[in-house]
Amino acid sequence: MFERLQKKWKVKGWQLALILITFTIGGSATGYIGKKLMPVFAIGPAWLWVLVYILLVTIIWPIAVLIVSIPLGQFPFFIKYIGKLGRRIGLGGSDVKRETSNVKRLTSDVSRFTHIAIFASGAGSNAQKIIDHFRDHAIAKISLIVCNNPAAGVLQIAAKEEIPVLLIEKDRFYKDDAYIKELNEYRIDLIVLAGFLWKIPVALLNMYPGRILNIHPALLPNYGGKGMYGQAVHEAVIKAGETESGITVHYVDEIYDNGKIIFQAHCPVLPADTADSLARRIHQLEHQHYPKVIERVVSGINEV
Ligand code: GRF
């Protein structure tokens, strides 16, 4: 149970202990203060007493927990946690607010909840890391996986994680814009490509201006462009005798691997490297950085 909580809240063991202590002290303080306050209200029928008590406790609990969390150093966790609870019960409304306009803004207002679609058509190792990162996240959620390959490993990940899937066919993607309506259905604000090889149609670029990201397994502007994907990239890097490669996260525009670069990370190319060994190193780098870069974009920080 503790391990599950640790994973769910993405905290270390010692932090989980402090969080549980905060819950315990905050909860007891709430009960105590509630009982002390009740006699102040001269309430008649027992059912009304219970109702007022519940209401009172609902108001006191978040305040008590937040106060207790300060000396225990858990305020950032609890402010997020309580914000999320509030959204769940419909307070604040940022989770359920639906944009009417087609062109939605990714703002720097972190109280806005961002629905992310991952476009992936391969094994989905990056998709998995992104899903892990945003599991129970305070300001964003992976709401949809878009895939063009019915045999892709990412579909198993989507099933396991219970994330809806939109399987698209080429004709539909380029000639029919019905899938855009489906992105709206899921209130998608941001699209992240993670192993999606089809070129993004102009209709979609216009719909999500500056809100489609891609990760490329090399240091752009080198080793990018049409046909430069998968092992071909690493083979070209090794063939050129590079001593360094890396990853590039960039915005997507109408040209392959051309949009504004958001982030790059480097790694060495070793003399004994094959395309496979280099690919493994690059994958590690992608897993380490892509979710964090996406998070920063979600928070409206474009320069990381
Ligand atoms: C990654 O190497 C990424 O750079 C590229 O496609 C690959 C996807 O790998 N765009 P995976 O399916 O996430 O394992």
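The table below lists the values:
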| read-out | value |
| --- | --- |
| Helix axis angle, 75-88 relative to the chain longest principal axis, alpha carbon, degrees | 90 |
| Magnitude of the charge dipole, the chain, Cβ model with Lys/Arg +1 and Asp/Glu -1, debye to 20 | 1160 |
| Cβ-derived FRET efficiency at R0 35 Å, T58 paired with V202, nearest 0.05 | 0.10 |
| Inter-part distance where the range 154-182 and the range 234-256 are each reduced to a Cα centre, Å | 27 |
| Residues F134, F41 arranged by fewest to most Cβ contacts within 10 Å | F41, F134 |
| Segment E162-I255, length gained on full extension (0.36 nm per residue, minus Cα span) | 30.2 nm |
| Formal net charge of residues neighbouring A152 (Cβ-Cβ distance under 15 Å; K, R +1; D, E -1) | 0 |
| The chain - share of DSSP beta bridges that are antiparallel (%, nearest 5) | 40 |
| Loop sites in the range 187-263: chymotrypsin sites (Phe, Trp or Tyr not before Pro), DSSP, at most 14 other Cβ within 10 Å | W198 |
| Neighbour-count ranking [beta-carbon atoms within 10 angstrom, fewest first] of R4, R187 | R4, R187 |
| The range 1-80: relative contact order as a whole-number percent, Cα under 8 Å and 6+ apart | 37 |
| Rounded, prolate or oblate (a/c below 1.5 giving rounded, otherwise prolate when a/b exceeds b/c) for the range 180-241 by Cα gyration tensor | prolate |
| Degrees, to the nearest 10: 46-69 long Cα axis against longest axis of the chain | 50 |
| FRET efficiency, I21 to D132 (Cβ-Cβ, R0 22 Å, nearest 0.05) | 0.25 |
| Relative contact order %, the chain, counting alpha carbon pairs below 8 Å whose residues are six or more apart | 14 |
| Mean residue ellipticity (222 nm) of the chain, computed from DSSP H runs ≥ 4 via -39,500 (n - 2.57), nearest 500 | -15000 deg cm²/dmol |
| Average Cα contact separation per residue, the range 167-272, under 8 Å, 6 or more apart, as relative contact order % | 23 |
| Listed residue pairs exceeding 25 Å between alpha carbons, taken from K36/K84; K10/K292; K8/K141 | K36/K84 |
| 13 Å beta-carbon shell around N214, net charge (K/R +1, D/E -1) | -1 |
| The chain - Rg over Rh from alpha carbon coordinates, Kirkwood radius | 1.08 |
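The numbers here are math on the coordinates, done by the rules we state, and not lab data. Because the structure is predicted, anything quoted here is derived from the model rather than measured. With ideal geometry, Cβ positions are generated from the backbone for all residues, glycine too; neighbour counts draw on all protein chains shown.
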